[in-house]
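What follows is a short report on a single structure.
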Amino acid sequence: MTGGDTDINIFIFNNKMEYLTVEASLIKLRQPEDSDLDLLVAMRNNLELQAMLMSLPRASNIQRVRDWLNHHLNNHQSVFFIIAEITTNLPCGYIQITNIDFVHRHGDLGICIDPSCQGKGYGKQAIITIERYLQEIFNLRKLTLKVLEGNHVAIHLYKTLAYQNVGIYKEHFYNKGLWHNTVVMEKILRQNI
């Protein structure tokens with residue numbers, strides 16, 4: 001199956017048939033494993049990274065990250081995957097779709113790549129891969145997202161993937177004594193996959 005500039009395989013299970021994996025050429029989207037917890041704790045405790053995600057960071061430990069994962073994995077209006085390197089299976093981030101509306105067929109995109117893995121094309125391929133998965137499995141037709149106006153790298157990535165700027169929330173996010181604007185973007189997913 002071809003998904004733009006990358007081949008995507010959906011319905012690949014691990015050797016033990018325990019969970020779904022969605023594979024592309026650089027990355028795979030898979031369920032979280034215990035071995036991912038150290039990286040996820042570090043990411044959740046990275047104040048700069050959390051600020052870029054418009055998250056209010058709180059001190060995280062392994063149990064808090066497990067609770068956070070369980071919340072996302074057990075929410076029927078969400079899809080959550082670890083982004084792992086295809087050759088090593090090592091985690092490099094996560095991608096999630098929240099607030100899925102199955103009647104109007106849209107959801108909110110969120111992605112976080114560990115700083116050590118940024119700039120390698122993993123985020124772009126993860127977004128392309130999840131878009132295909134959402135179309136084929138959930139019949140979603142639109143994704144929306146919010147991004148800090150000053151996050152130029154992310155905005156550039158979203159624009160290269162055909163996300164359109166649909167507005168700005170003025171002074172919408174508070175961090176370190178300042179109010180920041182938030183850009184709202186959306187993408188109508190291809191209807192003929």
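The values are calculated or read from the model by the stated rules, or taken from the named source; none is laboratory data. Note that the coordinates shown come from a computational prediction; the quantities given were computed from them, not determined experimentally. Cβ coordinates were reconstructed from backbone atoms using ideal geometry, including for glycine residues, and neighbour counts include every protein chain displayed. Side chains are part of the model used for accessible areas, which takes the heavy atoms of the whole protein and leaves out ligands, DNA and RNA. Shrake-Rupley method; radii C 1.70, N 1.55, O 1.52, S 1.80 Å.
What is the antiparallel percent of DSSP beta bridges lying wholly in the chain, to the nearest 5?
So the antiparallel bridges amount to about 95 percent of the total.
Lys159: which lysines have alpha carbons under 25 Å from its alpha carbon, excluding same-chain residues fewer than 8 sequence positions away?
Cross-link targets: Lys28, Lys120, Lys124, Lys142, Lys146, Lys170, Lys187.
Assign unit charges at the C-beta atoms only (+1 for Lys and Arg, -1 for Asp and Glu), then state the dipole size of region 88-193 relative to its Cα centre in Debye, rounded to the nearest 20.
For region 88-193, the charge dipole is close to 220 debye.
If region 60-142 were replaced by its equivalent ellipsoid, with semi-axes equal to the square roots of 5 times the Cα gyration tensor eigenvalues, what would those be, largest first, whole Å?
Three semi-axes, in Å: 22, 18, 10.
Which of the helices in the chain, when you take each full DSSP H run, stretch at least 20 Å along the axis at their Cα atoms and have an average Kyte-Doolittle score of -0.5 or higher?
Qualifying helices, which must be both long enough and hydrophobic enough, are 122-138.
Quickly rank 42-50, 169-177 as a protection proxy: mean count of other C-beta atoms within 10 Å, highest first.
Put in order of decreasing packing, that is 42-50, 169-177.
In terms of the Cα gyration tensor, with a ≥ b ≥ c the square roots of its eigenvalues, is region 28-99 rounded because a/c is under 1.5, prolate because a/b exceeds b/c, or oblate?
Because its axes are fairly even, with a/c under 1.5, region 28-99 counts as rounded.
How large a share of the accessible area of the chain, in percent, is made up of carbon and sulfur atoms when the probe is 1.4 Å and the other protein chains stay in place?
Carbon and sulfur together cover 50 percent of it.
From the square roots a ≥ b ≥ c of the eigenvalues of the alpha-carbon gyration tensor of region 126-193, which class results: rounded (a/c under 1.5), prolate (a/b over b/c), or oblate?
Note, shape of region 126-193 comes out prolate.
Shape call for region 97-168 from the C-alpha gyration tensor, a ≥ b ≥ c root eigenvalues: rounded (a/c under 1.5), prolate (a/b greater than b/c) or oblate?
It comes out oblate by the Cα gyration axes.
Suppose all protein chains stay in the model; what accessible area per residue would a 1.4 Å probe give for the chain, in Å²?
55 Å²
For Cα Rg over 2.2 N^0.38 Å, several values are listed as [x] 1.00; [y] 1.80; [z] 1.34; flag the one computed from this structure.
The listed entry that was calculated here is [x].
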